[in-house]
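Only one structure is covered here, and it is reproduced in the block below.
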Amino acid sequence: MPKATFRFDSHTVTVDAPDESLISDTALLAGIVLNTKCGGHGLCNGCAVDLIAGEFRSPTEELLRPEPGR
């Protein structure tokens, strides 16, 4: 299982990040509540974070991708 490390002010917390989990859900596992009006789907910028290492896939990419044949 991948790990996610959150640095917030002077605190650093590392937690297991379940596959396909939203950043807001993973932050909650670390005890960090993000202000996400869109439910953590990457539409309101409430879950905006700086990615220092690794990679992620945005759920917004799939939400905005047109269906085949359209």
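Brief remarks follow.
- Computed over protein heavy atoms with a 1.4 Å probe, the accessible surface of the stretch 1-52 works out to 74 Å² per residue.
- More than 16 Å apart - percent of Cα-Cα pairs taken over the stretch 11-53: 34
- Label positions at residue 52 and residue 12, each projected 7 Å from the Cα along the C-beta direction, are separated by 0.6 nm.
- Peptides 42-50, 20-28, 2-10 ordered by average Cβ neighbours within 10 Å, highest first: 20-28, 42-50, 2-10
- Phi-derived couplings, Karplus 6.51 cos²θ - 1.76 cosθ + 1.60 at θ = phi - 60°, listed residue by residue for the stretch 5-14: 10, 10, 10, 9, 6, 9, 9, 10, 10, 10 Hz, with x used for Gly and Pro.
The values are calculated or read from the model by the stated rules, or taken from the named source; none is laboratory data. Since the model is a prediction, treat every value here as computed from it, not as a measurement. Quick reminder, even Gly has a Cβ in these numbers, built from the backbone with ideal geometry, and neighbours come from all protein chains shown. Please note that ligands, DNA and RNA were not included when accessible areas were found on the heavy atoms of the full protein model with its side chains. Shrake-Rupley method; radii C 1.70, N 1.55, O 1.52, S 1.80 Å.
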